[in-house]
Amino acid sequence: MIDEDKPPLFKRWTSWYYLVIGFLIFQILLFAMFTKYFA
Amino acid sequence: MSTPDWIVLVATLLSIIVYGIYRSQTSRDLDGYFLSNREMPWYLVLLSIMGTQASAITFLSAPGQAYTDGMRFVQYYFGLPLAMVVLCITFLPIFHKLKIYTAYEFLEKRFDLKTRTFTSFLFLVSRGLSTGISVYAPSIILSSLLGWNIYITNIIMGGLLIIYTVSGGAKAVAYTQQLQLGIVFTGMFLAGYTVVKLLPEGIGFSDALSISGKMGRLNVITTGQTAQGFDWTDRYNIFSGVIGGFFLALSYFGTDQSQVGRYLTAKSIRESRLGLLMNGLVKVPMQFFILLIGALVFVFYQFNPSPLFFNKIPIEEVRQTSFRDSLLDIENKHAVIVEKKKQAVAKLPFIVSTHAAAEEEKVLIEMRGLHKEEEQLRTQVKKIIKSSNVKGEANDTNYIFLRFVMDYLPAGLVGLLIAVIFLAAWGSIAAALNSLASATMVDFHRKFFIKNQSDEQEYKTSRLYTLGWGIFCIVVAELVTGMGSLIEAVNVLGSWFYGVILGIFLVAFYFKRVGGNAVFWAALAGEVLVIGMYLQTNLAWLWLNAIGAIAVILFAVLFQGVIFRKEGTKA
């Protein structure tokens with residue numbers, strides 16, 4: 001493997017981690033609203 | 001199946017085999033055969049990870065789950081994005097730095113040879129058996145619905161992919177998974193689109209969602225709370241999904257060679273990271289849409305007569321037994337319910353189009369009542385199937401989607417969706433065979449059998465191991481034929497081992513003072529505890545992953561402090 005560890009789009013990988021976790025939280029909230037709306 | 005279906009099915013399967021052979025050129029050494037010379041871009045890593053995880057059962061079982069139990073199964077995947085982040089922070093940099101072939105090599109560097117060998121052995125046992133069952137599980141469904149011979153179906157399901165997996169190793173696996181996933185998603189999208197098109201005039205997609213939701217199928221988020229408190233036996237809720245799902249995903253992606261072997265093929269740590277993180281972004285929405293198809297199929301069956309039981313074989317078998325009259329009685333009652341449902345829903349398209357909310361609610365209340373009665377009849381049929389000891393399982397969840405496909409989808413699309421089942425199976429089985437061969441070659445052959453082979457000899461031996469594991473999995477599939485669907489068995493079997501293996505790795509990463517002897521005996525004790533808890537309690541299996549991992553950590557710290565205090569961290 002070549003050690004090219006620079007992330008795309010963001011300066012640090014930490015921003016990618018926040019993005020993944022943030023998107024999960026967003027989905028859970030969206031699903032909760034979805035469940036409530038169609039119940 | 002019609003002639004166009006056969007043409008589509010055979011052409012799709014052959015094209016994958018030919019493409020796999022075409023992509024088979026690698027350097028004739030272990031780097032080429034098991035790691036594609038570490039030159040894969042992130043999007044191929046992503047598709048390979050997804051193709052390995054998504055088996056045939058994912059596409060057969062998930063829509064059926066949504067039909068019978070609603071969409072809450074999606075919560076099972078909530079821990080996965082979190083696991084991807086932890087993997088990228090902890091596991092990946094170490095695996096990358098050590099330039100390993102298998103995850104278990106790291107355990108020898110950190111602990112000792114016996115811990116590495118023991119963990120690799122647990123992997124070979126659990127992955128070998130579960131891959132055999134993964135060959136059998138979709139085969140039994142296809143053979144029941146299409147009348148195919150189960151033994152021959154097993155051979156096609158687990159055998160044809162061996163051609164390109166043996167010849168091309170990890171590279172052929174990754175490239176075919178890319179094409180397979182493309183076909184699988186196209187097929188599923190067309191199926192979802194056709195379900196909506198088959199709904200009566202006046203009932204659109206949003207109306208179908210409304211009906212599905214009011215009939216309890218859009219329960220995406222559930223909390224597992226009952227009047228008596230939290231239900232620990234409830235399999236899918238947000239807590240078991242986030243916590244249990246996190247431990248399961250961390251163990252599966254971080255310590256199961258079938259997944260580790262996929263992201264080690266990346267050309268840099270950056271590409272591995274991107275592949276894993278993208279998986280964390282797309283997996284939950286992907287599962288949501290597969291489940292949504294099941295929820296829409298449920299709506300379809302509100303407007304069309306639903307079978308009393310979706311697998312015809314056990315029903316026909318029961319007719320030949322003394323339970324025949326009881327079955328006939330239930331079928332007559334079901335016919336009455338189907339007629340009542342037909343009358344109730346006949347007004348629904350008009351009511352929906354005129355936005356008469358009160359009227360709509362009235363009809364839906366009536367439909368809910370009829371559905372409840374129908375479910376009671378289905379439960380009675382399942383009891384009869386169990387009592388009569390006939391061939392075929394008493395659970396038809398995994399037959400629902402394919403039965404719908406066979407009965408209602410147009411010619412050509414049926415063939416494509418049967419091909420989807422084969423391709424999804426091939427994607428995960430091919431990766432499993434590649435990983436079983438790599439663990440056998442690197443963790444056992446090189447260590448204990450022949451240590452100084454040339455690159456060419458190692459390459460040829462690895463191909464033989466891949467072939468050997470392929471044959472082993474087909475033999476397992478043939479041997480378990482007649483034991484029911486065993487889909488649950490795959491998950492349970494995984495949960496027996498996944499938590500313990502994860503615990504070993506977590507101790508390796510986070511508990512620097514713990515040595516090889518302590519973790520080895522902690523793993524054995526953890527394994528006994530997990531299997532004991534499974535046998536003695538009704539705890540939902542998802543929790544076993546968390547319990548196994550935590551038990552190994554606690555035992556390891558305890559054993560190191562009390563029994564192996566004088567030993568170093570490397571035994």
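A compact table of results
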read-out	value
Cα gyration tensor, segment B:1-58 - rounded (a/c under 1.5), prolate or oblate	oblate
Aspartates and glutamates whose Cα lies under 19 Å from that of B:LYS391, excluding same-chain neighbours fewer than 8 positions away	B:GLU316, B:GLU317, B:ASP325, B:GLU478, B:GLU488
Number of partner chain Cβ atoms within 10 Å, mean per residue of A:11-19	4
Peptides B:489-498, B:378-387 ordered by average Cβ neighbours within 10 Å, highest first	B:489-498, B:378-387
Average beta carbon contacts from partner chains per residue of B:269-281, 10 Å cutoff	4
Distance between modelled label sites at B:LEU554 and A:LYS6, nm, 7 Å Cα→Cβ extension	4.8 nm
Measure of compaction for segment B:53-117 (Cα Rg per 2.2 N^0.38 Å)	1.65
Residues B:LEU464 and B:ILE155, FRET efficiency given R0 of 22 Å [Cβ-Cβ distance, rounded to 0.05]	0.65
Computed label-point distance, nm, for sites B:LYS197 and B:ARG28 using a 7 Å Cα→Cβ extension	5.1 nm
Most to least packed among B:61-70, B:317-326 [average Cβ atoms within 10 Å]	B:61-70, B:317-326
Dipole of segment B:89-204, positive direction: furthest Cα of B:PHE189, B:GLY169, B:TYR136, with charges on the beta-carbon	B:GLY169
Rh (Kirkwood; distinct C-alpha pairs) - segment B:139-182, Å	11.6 Å
Under the span-like rule (Cα at least 18 Å along the axis, Kyte-Doolittle mean at least 1.6), DSSP H helices of chain B	B:3-22, B:413-439, B:487-510, B:542-562
Cβ-placed point charges (K, R +1; D, E -1), dipole of the protein assembly as shown about Cα centre in debye, nearest 20	1380 debye
Theoretical FRET efficiency, 1/(1+(r/R0)^6), r = Cβ-Cβ of B:GLN536 and B:GLU317, R0 35 Å, to 0.05	0.55
Number of partner chain Cβ atoms within 10 Å, mean per residue of A:27-37	6
For segment B:175-239, the fraction of alpha-carbon pairs in successive 10 Å shells from zero, as %	17, 26, 26, 26, 6, 0
Top positive-direction residue, dipole computed over the protein assembly as shown with Cβ charges, set B:PHE121, B:ALA66, B:LEU348	B:PHE121
Cα radius of gyration and Dmax for chain B (Å)	24.8, 80
Which of B:LEU539, B:PHE448, B:VAL528, positive extreme of dipole for chain B (C-beta unit charges)	B:PHE448
Range of Cα positions in segment B:284-409 per principal axis (Å), largest first	50, 37, 23
Listed pairs A:LYS11/B:LYS99; B:LYS97/B:LYS447; B:LYS333/B:LYS382; B:LYS333/B:LYS383 exceeding 24 Å between Cα atoms	A:LYS11/B:LYS99
Point-to-point label distance, A:PHE23-B:ARG513, nm (Cα→Cβ direction, 7 Å offset)	4.0 nm
Gain in span if fully extended, B:GLU331 to B:ALA489, counting 0.36 nm per residue against the direct Cα distance	53.8 nm
Orientation-averaged projected area, Cα convex hull of segment B:388-508 (nm²)	11.9 nm²
Those aspartates and glutamates that a straight Cα-Cα span of less than 18 Å connects to B:LYS341, excepting residues fewer than 8 apart in one chain	B:GLU201, B:ASP207, B:GLU331, B:GLU359, B:GLU360, B:GLU361, B:GLU366, B:GLU373, B:GLU374, B:GLU375
Chain B, helix-only ellipticity at 222 nm - DSSP H runs n ≥ 4, -39,500 (n - 2.57), divided by all residues, nearest 500	-24500 deg cm²/dmol
Semi-axis lengths, Å, the protein assembly as shown, gyration tensor of Cα atoms, sqrt of 5 times eigenvalues	42, 27, 24
Cα convex hull volume per residue for segment B:508-571 (Å³)	68 Å³
Cα-centre dipole for segment B:66-186 with unit charges at Cβ (Lys and Arg positive, Asp and Glu negative), debye to 20	380 debye
Segment B:364-425 - convex hull of alpha carbons, volume per residue in Å³	121 Å³
Angstrom value of the Kirkwood radius, inverse mean 1/r, which spans all Cα pairs in segment B:1-152	19.5 Å
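Laboratory data are not the source of any read-out in this text; all were calculated from the coordinates shown. Here the structure is a predicted model, which means the values were calculated and not measured. Cβ sites come from the backbone with ideal geometry, for glycine too, and all protein chains shown count toward neighbours.
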